[in-house]
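Each value in this text was obtained by applying a stated rule to the coordinates, not by laboratory testing. Source: prediction; values computed, not measured. Here the Cβ positions follow ideal geometry from the backbone for every residue, glycine too, while neighbour counts run over all protein chains shown.
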Amino acid sequence: MKYLIYLITAFSFYGILARAEIPVPPPPAAPNYNEIVLQVNGAAQLYKALLGVEHLEKSLHTATSSIMENGKVWRASSGLSQIVCHHTHQIHRAPPLPAGLPPPPHPLLPTDTYSCSVTQSKDGKPVPQYFPHGVAG
Amino acid sequence: MNRLIFAAAAMVSASVVLTAYAEIPQPPESNFEAITLDGADAHDLYLNLNVPANNESANRTFATSYKLIRDTQGLSEILCKVTVSAAVENNKGPTDAFCSITKSKDGKPVPTYVPHRVGG
């Protein structure tokens, strides 16, 4: 009799736990677009060739470097395809030298990096619109 | 006995078919990924690419031109091609437009676009 009570209690707890199970969130939906990411030379050429307003994404200045990131966006009027390009221009600065020391023999050259993302809808619905800084509106 | 012969013949036939299938050369998988646009979207992108347009072909009824951006290493290529009817050239959009953006998947150059030069 005692074991029967244990058994019933165990089943009851099992039932409560099973119902209280935390719902598993559905897996994130696959994006509705195909994407090609261009880097280096291909992206640089596309960035320079793409007409449109260049917008400032980010500007960061420190004692040793200065970084400016600009972007360009082309979006088809249908919204089914979009090109987003970024250009980062970084100027390196030599740290200040103690008085009396000669400047470094070679000036530090700026660094330019480019990237472009080309997206196209897979399902006939518009691709997510890109907004600078990831802020809508 | 007949069933045994039939079964053996069926197995031999299946084997021959499978062997023949295995020997058919499969088309090579492309080494690039591509996105293609057409219609108004392609025409819009064509207009938004600030590179010289090349005349591909022209005759009394149609004129085709294209813009091409190719990575110096050949790892990516953007081609936009527009065909305009001479009858509507001055007041309407193109009769046909197409763009493709291709990128190498394996670090080898993507196929380059070869224009079909017809007419003058």
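Can you sort B:36, B:72 so the residue with the fewest Cβ neighbours within 10 Å comes first?
Working: B:36 14, B:72 10.
Listed from fewest to most nearby Cβ atoms, that is B:72, B:36.
For B:112, B:95, what ranking results if the residue with the fewest other Cβ atoms within 10 Å of its Cβ goes first? List each step's numbers first, then the result.
Numbers: B:112 11, B:95 17.
So the residues, fewest neighbours to most, are B:112, B:95.
Loop-resident GluC sites (Glu not before Pro) (DSSP state other than H, G, I, E or B) in region A:23-91 with no more than 14 further Cβ atoms inside 10 Å of their Cβ: A:54. For residue B:96, the residues 5 or more places off, or on other chains, whose built amide H falls under 5 Å of its own are B:83.
Most exposed first by the Cβ proxy, i.e. fewest other Cβ within 10 Å, how do B:44, B:106, B:71 rank?
Working: B:44 20, B:106 11, B:71 23.
Placing the least packed residue first, the sequence is B:106, B:44, B:71.
Distance from the C-alpha centroid of region A:105-134 to that of region B:27-67: 22 Å, rounded to the whole angstrom. For residue A:93, list long-range residues whose amide hydrogen, built 1.01 Å from N in the peptide plane, is under 5 Å from its own amide hydrogen. HN-HN under 5 Å from residue A:93: A:65, A:66. Charged neighbours of residue B:108, selected by a Cβ distance under 15 Å, balance to -2 (K, R count +1; D, E count -1). Scanning residues 5 or more positions from residue A:58 or on other chains, those with amide H under 5 Å from its amide H are A:69, with H placed 1.01 Å from N in the peptide plane.
Measuring r between the beta carbons of residue B:40 and residue B:3 and using R0 = 45 Å, the FRET efficiency lands at 0.10.
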